[in-house]
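The values are calculated or read from the model by the stated rules, or taken from the named source; none is laboratory data. In this text the structure is predicted, and so the values were computed from the model without any measurement. We place every Cβ from the backbone using ideal geometry, glycine too, and count neighbours over all the protein chains shown.
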């Protein structure tokens with residue numbers, strides 16, 4: 001009877017804990033993410049505003065509420081900004097000069113994520129002007145006498161690259177004022193992202209971005225070898241597969257950029273309503289399905305790395321929630337279909353999660369879970385399906401552990417029995 005109880009505990013107790021993200025570091029093994037020895041598939045969300053709200057005592061409860069609502073819907077990965085360069089309420093006033101109040105806000109975000117069992121992806125700079133981005137870095141360099149003609153020199157100017165490397169170091173070595181743990185040592189953080197939607201349209205060959213990712217990935221890994229790293233790509237292909245893109249080129253190459261050894265997993269964004277704004281909704285949905293499947297296959301067969309659909313959404317400003325639900329269902333179906341077969345797709349992260357009382361942050365893509373029951377149900381269903389896959393892997397792993405332990409015990413018993421029957425005994 002005791003043996004039966006032990007087996008039950010061994011097999012099923014860990015499954016209860018899988019509804020929340022575990023405490024260990026997320027690793028990679030081939031085309032899968034691994035957490036505490038088993039494949040990690042997880043549903044997620046974007047909430048770029050977390051640090052900003054966490055820095056204001058009157059708004060902090062919204063951060064906690066976001067994590068609570070996320071957990072209630074089975075979500076276990078959140079992606080947010082670890083930057084705000086210059087401008088209003090910055091994290092970084094000027095190169096190397098930081099706003100401690102904002103940093104403490106980011107500390108709170110990481111500490112709350114840990115409290116709620118959430119994993120985080122922290123993005124380190126923006127491609128766009130919003131919250132500073134590469135434009136602010138270039139302006140800082142110009143103010144120090146650098147002759148820079150284009151924002152794209154963010155990727156090549158040595159002074160600008162020095163500013164950015166300093167920011168990487170400042171974030172990674174930050175000791176959380178709440179937990180006392182350095183960011184580079186905190187398993188709450190699943191991964192770093194080099195740039196949100198990295199683009200360099202002035203060099204469609206992709207050489208500029210390729211060199212920049214190589215340099216910055218190597219630098220980041222020299223400081224932090226524990227965390228995963230992704231580039232922040234939207235998934236646009238280089239010239240060899242240009243025809244798979246929407247009708248524009250941004251100087252990135254999904255294949256070549258993600259083949260850089262320090263990049264641990266690939267990312268893809270999906271906004272067919274923006275990219276194909278002149279097309280019918282049916283054409284947009286058809287493009288999306290092809291986009292999803294092509295990237296899953298390329299991650300699996302060429303990159304041999306996991307792929308995360310790190311942003312997707314559809315604005316409800318010009319269409320009903322039913323079309324948004326169809327898009328969510330398309331992404332979730334592609335992810336689940338891949339995941340249940342042990343494939344490269346590890347999850348999807350919708351843009352963006354808001355909580356009640358954030359009307360000024362609405363952009364048409366927002367999901368307020370309490371206001372959107374049909375979308376919330378889709379999110380919860382996907383979370384449960386991915387958690388179920390994790391449970392199955394955990395169960396198999398524990399069965400294998402039990403089998404190995406049983407075989408070892410049997411071998412030990414037979415060895416001791418043989419010793420008792422040896423001559424002279």
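Observations on the model:
- Qualifying positions in region 334-356 - surrounded by fewer than 15 Cβ atoms within 10 Å (Cβ to Cβ) and modelled with pLDDT of 95 or more: 337, 356
- Only a single criterion out of (1) part of a helix (DSSP H, G or I); (2) within 28 Å of residue 150 (Cα to Cα) is not satisfied by residue 222, namely (2).
- Any hit, region 233-250, residues being closer than 15 Å to residue 124 by Cβ and in contact with a helix residue (DSSP H, G or I) (Cβ under 9 Å, 6 or more places away or on another chain): yes
- The residues of region 63-95 that are in a helix (DSSP H, G or I), out of contact with any strand residue (DSSP E or B) (no Cβ under 9 Å at 6 or more places or on another chain) and either at pLDDT below 95 or surrounded by fewer than 24 Cβ atoms within 10 Å (Cβ to Cβ) (or both), listed by number, are 64, 65, 68, 71, 72.
- One residue alone among 215, 129 is without any contact (Cβ under 8 Å) to a residue 40 or more places away in the chain and either surrounded by fewer than 22 Cβ atoms within 10 Å (Cβ to Cβ) or part of a loop (DSSP other than H, G, I, E, B) (or both), and that residue is 129.
- Each residue in region 1-58 was checked for being touching a helix residue (DSSP H, G or I) at 6+ places or on another chain (Cβ under 8 Å), within 22 Å of residue 366 (Cα to Cα) and either at pLDDT below 50 or not in a loop (DSSP other than H, G, I, E, B) (or both), and 6 pass.
- Among (1) surrounded by fewer than 18 Cβ atoms within 10 Å (Cβ to Cβ); (2) touching a strand residue (DSSP E or B) at 6+ places or on another chain (Cβ under 6 Å), the one test that residue 180 misses: (2)
- Between 255, 260, 296, the distinction of being under 20 Å from the mean Cα position of the chain (by Cα) and buried (at least 20 other Cβ atoms within 10 Å of the Cβ) belongs to 296 only.
- Looking only at residues of region 299-327 that are over 23 Å from residue 229 (Cα atoms) and surrounded by 22 or more Cβ atoms within 10 Å (Cβ to Cβ), we find that the one that is farthest from the chain's Cα centre (by Cα) is 324.
- Any chance residue 236 is free of Cβ contacts under 8 Å to residues at least 24 places away in the same chain, surrounded by 16 or more Cβ atoms within 10 Å (Cβ to Cβ) and not in a strand (DSSP E or B): yes
Yes/no matrix, rows are residues, columns are (1) in contact with a strand residue (DSSP E or B) (Cβ under 9 Å, 6 or more places away or on another chain); (2) closer than 24 Å to residue 79 by Cβ; (3) surrounded by 23 or more Cβ atoms within 10 Å (Cβ to Cβ):
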residue: 124; (1), (2), (3): yes, yes, no
residue: 150; (1), (2), (3): no, no, no
residue: 156; (1), (2), (3): no, no, no
residue: 165; (1), (2), (3): no, yes, no
residue: 189; (1), (2), (3): yes, yes, yes
residue: 200; (1), (2), (3): no, yes, yes
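- All positions within region 132-143 that are touching a helix residue (DSSP H, G or I) at 6+ places or on another chain (Cβ under 7 Å) and either surrounded by 21 or more Cβ atoms within 10 Å (Cβ to Cβ) or assigned to a strand (DSSP E or B) (or both): 134, 137, 138, 141
- Within region 257-375, helices (runs of 4 or more DSSP H) holding 3 or more residues that are farther than 19 Å from residue 191 by Cα and in contact with a helix residue (DSSP H, G or I) (Cβ under 6 Å, 6 or more places away or on another chain): 281-298, 321-340
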